[in-house]
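Quick notes on the structure that follows.
The values are calculated or read from the model by the stated rules, or taken from the named source; none is laboratory data. Worth saying up front: this structure is predicted, and the values here are computed from it rather than measured. Using ideal geometry, Cβ is built from the backbone for each residue, glycine included, and neighbour counts are taken over all protein chains shown. To get the accessible areas, we keep the full protein, side chains included, count just its heavy atoms, and leave off ligands, DNA and RNA. Shrake-Rupley method; radii C 1.70, N 1.55, O 1.52, S 1.80 Å.
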There are 2 protein chains.
Amino acid sequence: MVEKKADEKGMSIKKAENFSEWYIESLLKSGFMDYSDVSGAMVFRPISYGMWELFSREVDSEFKKVGIENVYFPIFIPEKLLKKETSHFEGFTPEVAWVTQTGNEKLSERLAVRPTSEAIMYPSFAKWIRSWRDLPIKYNQWNNAVRWEFKHPTPLLRSREFLWNEGHSAYATEQEALAEKDVILNIYLKALRELFALPGIAGQKTDKEKFAGALASYSIEHIMPDGWAIQGPAWHFDGQNFAKMFDIKFLDINEKEQYAWQNTYAVSTREMGVVLASHGDDKGIVLPPKVAYIQVVIVPILKKGVEEKVLEYAISVERKLEKLRVKLDARDGYTPGFKFNEWELKGVPVRIEVGPKDMEAGSVTIVRRDTSEKEVVKVDNANKRVHETLDLINKNLYEKAHKFLESHIHYADSYEELKKLIAGNSGIVSASWCGMVECEDKVKEETSAKITNIPFEQKKKAGKCIICGMDSKSRANFARSY
Amino acid sequence: MVEKKADEKGMSIKKAENFSEWYIESLLKSGFMDYSDVSGAMVFRPISYGMWELFSREVDSEFKKVGIENVYFPIFIPEKLLKKETSHFEGFTPEVAWVTQTGNEKLSERLAVRPTSEAIMYPSFAKWIRSWRDLPIKYNQWNNAVRWEFKHPTPLLRSREFLWNEGHSAYATEQEALAEKDVILNIYLKALRELFALPGIAGQKTDKEKFAGALASYSIEHIMPDGWAIQGPAWHFDGQNFAKMFDIKFLDINEKEQYAWQNTYAVSTREMGVVLASHGDDKGIVLPPKVAYIQVVIVPILKKGVEEKVLEYAISVERKLEKLRVKLDARDGYTPGFKFNEWELKGVPVRIEVGPKDMEAGSVTIVRRDTSEKEVVKVDNANKRVHETLDLINKNLYEKAHKFLESHIHYADSYEELKKLIAGNSGIVSASWCGMVECEDKVKEETSAKITNIPFEQKKKAGKCIICGMDSKSRANFARSY
C-alpha cells in the first residue's frame, strides 16, 4: 500500500520530454505551491514562502547596507494618478484589476490595485522633496502586486499576483542616478548566484522592450530548459520623466529649481520559478541549500528490535547539527524508501540515513540530492561535512546552470542562421543589430523572437546588422521569451 | 530663519488639551506617516515601516519557535467563497472593496480584496487535510488587508488598509486547539511589553463583540489617553464552524471522519498608533528604544575654529557605539537647537551631544528623550551607558503606561456609578455583569460603552449584575471604544 502511495505521489513526467508539464507537476507534487480559487493566482505554501523569506531578507540586508530604506504605500491607485504618465498608463491599464465598489456603494473614481507603485508614490515624493538637502531618496517596498494577465498564466513565471521588491529613488543629478545601476544590478546578480545558484545575462533592454515610462531599462535574463528566455530582475532609469508628470522639483544648492532624477528596480517571486525550472530533475524539485526551507532531513532506518536505539541515535545526530534547518523524519508507518522519495520530490538538499550499521560504526550516511552521491562519515564529522556538502551542492547547481546558459548562447552571422536557431528553440542567439526598431520588429514578426537585452559583456565583436546590413555598435540577444 | 523653520516644524497642539488633534499632528510632523491620495489609507514612511519591520520580525521569530509556518494566499476572494460562512460574510461585507473589472473586461464574479483570509485559505485546508497525520496545521501570513471603514478613518487606529499577521490553525481535537490560546496571547503580550513598552488587559470578548464566525474571541485591550479603550491583538476559537462550511475533514487514528478544530489570531499596525498615543508628549512622538528606527542621534556642537576637531571627535564617538542604530547629524546650516527639536519631534530615544568642552574632557553628554535628563559620561563608558539608558527608557515607558492603565480602571457597583464614569471618559469601568446580551445592549444604548472584554485577571469579586441584579460570575470591563 505504501508503495502504491509513493507512485501516486511521485513524478510521472520527464523534464526532458515535456518541460512545461513537468514544471507544473514538480511544483504541485513537491508541495511548493498550489492552485487557489482565484484563477491565475497561486498559494505560496511553507516551502515556497520560506524560500522567498530567506531570499528577500538577504536582499533587504544588502539594500540597507547601501542606505535604501523601506516604506509602505497603499495598494490602491486612483485612476487619475495612474493616467498622469501616458506611456506608463498605456503599458499597465490592460492588466489592471479595478476596485469599483466598497460595501454597497459605487466609488466615484475607480481604484487600480497596484500593478506597480510609481503613480501612488510620486505625489508623496513631490510633497516631501523641496531642497537638495532632501535628496537622495532611496525607498523600497516589499509587497504584493497584481497584473491581470490574459495570456495563459503560469505559476510564478506569469502570475496574476506576485510578491516583489520595488525600489524607487530620486536624485539631484543624472550622474548620481545613473551610478545606482551597477550597485543594484550587482546586488541582484550576487543574490541570484549565492542564494538561488542562478546565473543570468545582464544588459540593456531596447526602447521597444523597456519599462513603460522609463528612459532606459537594464535586465538580468535567464534561459529556461525549453530554450526560451525569461526576464529576471531589472533596473530602470526614468530620467526626469515621472518627475515632470508628478511635479517632483527641488531647489538646488544655487537656489535654482530642478526636476529630480529617478530610478526604479525590482526582483519578484518569478525568480523562484526559474529556480525550480533550472535545478529540478525527474525526481522532483531541487532546493538551493541556502534558501531551502529544510536543508537536511534525517531518516532513521528502523530495523525490528533496535527501533528505539536507532531513533535515539538519530536524535543524537540531529543534536550535533548546528546552524542548520533540520527535520528528523521519525514518522511511523512509512518505509525508509517512501521517505527518501518524498524528500527527494520536495528537493531537500541533503539526506542523512542512520541505520543499525551506522549506529554500530558511529557513522552516518550523507546523500546529496543533486548528484545522489553517498558518503559515510563519522558522526563527529557529520556537522562539518554537512556544511561542506551544502556548499558543494550550491556550487554544483550554479556551475551546471552556468554551463547550460553558456551552451545555449549561439552566435548567428546571418538572418538565416538566426531563424534556424530560433526555430529550434536552442536558446539565445547573439547577432549584430543596427539599433533600429524596424529591424527588431521584422525579426519579432517573422520568428517571434524579441531582443531580450544587449548584454554588457560583448563576447564577440559586432559586424553588420543581420537584417539591414548597416553597421552595428553591438550584438543583441534574440530569443523567444516568456 | 532657522528659528522660524523650527517653529513651523514643531508641535503646536498640547496632548492634554486636544488629544485627537495632537495625535494627528505628532504623527504627521514627526515624519512617522503621511496621508496618501487614497482617502483613509496612509503612507508608512521609514520610521513607521522600520518599527513594524522590527516588531513583526521579532513576533515572527517567536511564532517559528512554536512551529508556526508562514504562507501566502491570494489577496482576492471570490464572492461565493466569502458567502459560505453567513455570519462571517455579514460581518465583513459592509466594508469590502470589490474588484469588478480587469483590464477592460467585467468579471463574471466579484472579487473581494481580503478583509481577512478565512474564505480563501480554508478551501486549501480542505484539500490538504486528509488524515490525522496532516494535523496540526499552524499557518500564518504577514500581509496587507483592506476594510473600507465608512466611519471617520483615523491613521493606524481605523485605517482602510493595514498590515498584520493572520494566523490560521487546524487541530485534530478541541483540547489541542484551545491550548493554543495562551501560547499566542503570551507571545503578543510579551512583544507588546518588550518592544512597544505597552501593557494591555487580556480577556474574553462577549458573544456580541466576538469575531464574525468565531465561537469565542479573546483580546488584549488598551486604554488611550482620552480614556477610550481600543482593541489590540486577538485570538479566536472557531471550533468546527468554518470546518463544517468549508468541509475540512480528516480520518482520525481510528479511521473515523472528523471535522478539524480551528483558531485564528492577529496583531496589526494599529498597535503602532497605540504606541504613539501612549508614549508621545508635547514635543512629539517617543519611540520605544527596541523598535526605534534610529536609537541614538549624535549632535556635534560646532564652535567656530574647532568645527573640524569636534566633528572628528563626534565620529570617534559614533565608532564606539556597538550594535545600535546610530545617526550622526552633521548637517550644515542648522543650529544644534534646531536639531535637538527635530530629533525630539521624531522621538529618537537618546541624544548624544558632543561639544568643545566634552572633547576636552573626553566625555559626552547623554540626553534622554523620555525624561529630558542629562548625564555626562566618559567616552569610554558611552557605549555601555547608552545601552543601559535605552533599557531604562524602555522600562520607564512601560511603567508609565502601566500606571496610566491601572489608574484608568475604575470599579462601579451600581449602574449610576458606571454611567457617571463613562460620561467622564475616565477609562475602563469594571462592573458585575450577568452575561445576558440584554443588559449589555442596554448599557451600549444608554451610555455608548461596550464590553471590551471580561478580563482573565478578576481583581475584585463579582456581585449582582449592575443592570438586572441577577448573580454574575465575573466582572466585565465597560468602555467607550475606538
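What to note about this one:
- Remark: A:Glu85 falls outside the filter, which requires a residue to be at pLDDT 95 or above, closer than 30 Å to A:Asn186 by Cβ and surrounded by 21 or more Cβ atoms within 10 Å (Cβ to Cβ).
- Listed conditions (1) crowded, with 18+ Cβ neighbours inside 10 Å; (2) away from chain B (no Cβ under 11 Å); (3) within 24 Å of B:Tyr293 (Cα to Cα) are all met by A:Phe73, apart from (2).
- Pairs, first within 12 Å of chain A (Cβ to nearest Cβ) in region B:25-41, second of a type in the set (Asp, Glu), C-beta under 6 Å, six or more apart: B:Ala41/B:Glu161
- Residue match in region B:85-94 (condition: of a type in the set (Phe, Trp, Tyr) and facing chain A (nearest Cβ under 8 Å)): no
Here is a yes/no grid of residues against (1) surrounded by fewer than 18 Cβ atoms within 10 Å (Cβ to Cβ); (2) modelled with pLDDT of 95 or more; (3) assigned to a helix (DSSP H, G or I):
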| site | (1), (2), (3) |
| --- | --- |
| A:Thr389 | no, yes, yes |
| A:Tyr398 | no, yes, yes |
| A:His402 | yes, yes, yes |
| A:His410 | no, yes, no |
| A:Leu418 | no, yes, yes |
| A:Asn425 | yes, no, no |
| A:Lys442 | yes, yes, yes |
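- Residue in region B:285-302 that is over 26 Å from the mean Cα position of the chain (by Cα), modelled with pLDDT of 95 or more and under 24 Å from A:Lys64 (Cβ atoms) present: yes
- Hits in region B:160-170 (condition: open to solvent by 10 Å² or more (accessible area, probe 1.4 Å) and farther than 17 Å from B:Pro233 by Cα): B:Arg160
- Residues within region B:7-27 that are at pLDDT 95 or above, open to solvent by 50 Å² or more (accessible area, probe 1.4 Å) and assigned to a helix (DSSP H, G or I), tallied: 2
- Test: residue in region A:43-56 that is of a type in the set (S, T, N, Q), in a helix (DSSP H, G or I) and more than 11 Å from chain B (Cβ to nearest Cβ): yes
- For region B:96-113, the count of residues that are within 7 Å of chain A (Cβ to nearest Cβ), small (Gly, Ala, Ser) and within 24 Å of A:Ser36 (Cα to Cα) is nonzero.
- Residues in region A:343-377 that are under 27 Å from A:Lys9 (Cβ atoms) and of a type in the set (Val, Ile, Thr): A:Val348, A:Val350, A:Ile352, A:Val354, A:Val364, A:Thr365, A:Ile366, A:Val367, A:Thr371.
- Taken together, the residues in region B:114-132 that are under 22 Å from the mean Cα position of the chain (by Cα), within 11 Å of chain A (Cβ to nearest Cβ) and buried (at least 24 other Cβ atoms within 10 Å of the Cβ) amount to 1.
- Residues that are in contact with a strand residue (DSSP E or B) (Cβ under 6 Å, 6 or more places away or on another chain) and surrounded by fewer than 21 Cβ atoms within 10 Å (Cβ to Cβ), drawn from region B:146-159: B:Glu149
- Taking region A:188-214 as the range and being outside any loop (DSSP other than H, G, I, E, B) and either touching a strand residue (DSSP E or B) at 6+ places or on another chain (Cβ under 8 Å) or open to solvent by less than 20 Å² (accessible area, probe 1.4 Å) (or both) as the test, the residues that pass are A:Tyr188, A:Leu189, A:Ala191, A:Leu192, A:Leu195, A:Phe196, A:Ile201, A:Ala202, A:Gly203, A:Gln204.
- Apart from one condition, A:Glu166 fits all of (1) in contact (Cβ under 8 Å) with a residue 24 or more places away in the chain; (2) within 11 Å of chain B (Cβ to nearest Cβ); (3) not aliphatic (A, V, I, L, M); the exception is (2).
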